[in-house]
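*Asks:* My questions will all concern the structure given below.
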Amino acid sequence: MRPALRHSIYHFAHHKCLTVYFHRVLSRASRILGVPFLASPGDLSELPEEPHLVLSHDSALPYPDHPSVRASHVIRDPRDIVVSGYFYHRRTDEEWCREPNPDHHDLPDDVSYQAHLNAVEKEEGLIYEMDHVSGRVIEDMATWDYDRPDCLEMRFEDIVGNERSAFDRLFRWYGIRPGHARRILQWVQRYSRQGRPGWRALLPNRHIRSTSYVGNWK
């Protein structure tokens with residue numbers, strides 16, 4: 001029997017660019033393919049020698065130089081990143097955002113990132129978000145190398161609402177055998193905003209706005 005996967009797969013993501021969705025899909029894919037799944041942030045100092053799946057949440061993981069690796073990368077309209085990030089950070093339960101953090105040098109020692117966003121007017125909050133977390137995400141997208149021949153570039157706006165066709169193309173790019181791809185696509189549909197139990201029900205923080213909004217900045 002041929003191995004389910006002969007090479008490793010890397011997906012490079014950015015904050016508010018379907019990272020949770022890809023994490024769920026690739027985690028399920030790893031079980032179907034029978035290969036390890038690893039995600040950053042986390043300790044990825046010792047990657048397995050056998051084929052594996054990797055999700056780099058912030059695209060900071062060094063790009064693999066092995067010729068057999070297949071990779072993908074998703075970007076999003078920077079204006080929507082700012083708006084989505086602003087509302088997300090006002091409500092998220094993530095500790096770095098809810099608790100005062102010494103990395104936020106321009107805030108008082110007893111004020112968290114979230115508390116600041118909730119204390120100021122919306123326009124000021126959006127500008128602050130643009131100058132901080134979302135701004136760094138946009139810089140990361142701007143400095144990404146888009147000329148890598150072994151990396152499939154995808155847009156958030158082309159995936160949302162077309163999840164099955166987008167992932168069908170992605171799995172063919174990854175070199176996943178059709179039988180396995182069909183099994184994974186069932187979960188792609190289930191995890192999508194159109195599936196059951198539904199997109200919002202699968203988000204870790206249900207109070208957070210749906211990431212499916214395209215053009216929400218308007």
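*Asks:* Report, ordered by the first and then the second residue, all pairs with beta carbons closer than 6 Å, sequence separation of six or more or different chains, a first member in region 1-20 that is farther than 15 Å from VAL54 by Cα and modelled with pLDDT under 95, and a second member that is of a type in the set (Lys, Arg) and not in a strand (DSSP E or B).
*Replies:* CYS17/ARG76
*Asks:* Here's a follow-up. Farther than 24 Å from TYR174 by Cβ, open to solvent by 50 Å² or more (accessible area, probe 1.4 Å) and without any contact (Cβ under 8 Å) to a residue 12 or more places away in the chain: which single residue out of PRO108, PRO78, PRO62, PRO100 fits that description? Spell out the reasoning first.
*Replies:* Values: PRO78 fails: without any contact (Cβ under 8 Å) to a residue 12 or more places away in the chain; PRO62 fails: farther than 24 Å from TYR174 by Cβ; PRO100 fails: without any contact (Cβ under 8 Å) to a residue 12 or more places away in the chain.
Result of the check over PRO108, PRO78, PRO62, PRO100: PRO108.
The values are calculated or read from the model by the stated rules, or taken from the named source; none is laboratory data. As the structure is a prediction and not an experimental result, all values here were calculated from the model. FYI the Cβ positions are ideal-geometry reconstructions off the backbone, even for glycines, and counts take in every protein chain you see. In case anyone asks, the SASA skips ligands and DNA or RNA and just uses the protein heavy atoms, side chains included. Shrake-Rupley method; radii C 1.70, N 1.55, O 1.52, S 1.80 Å.
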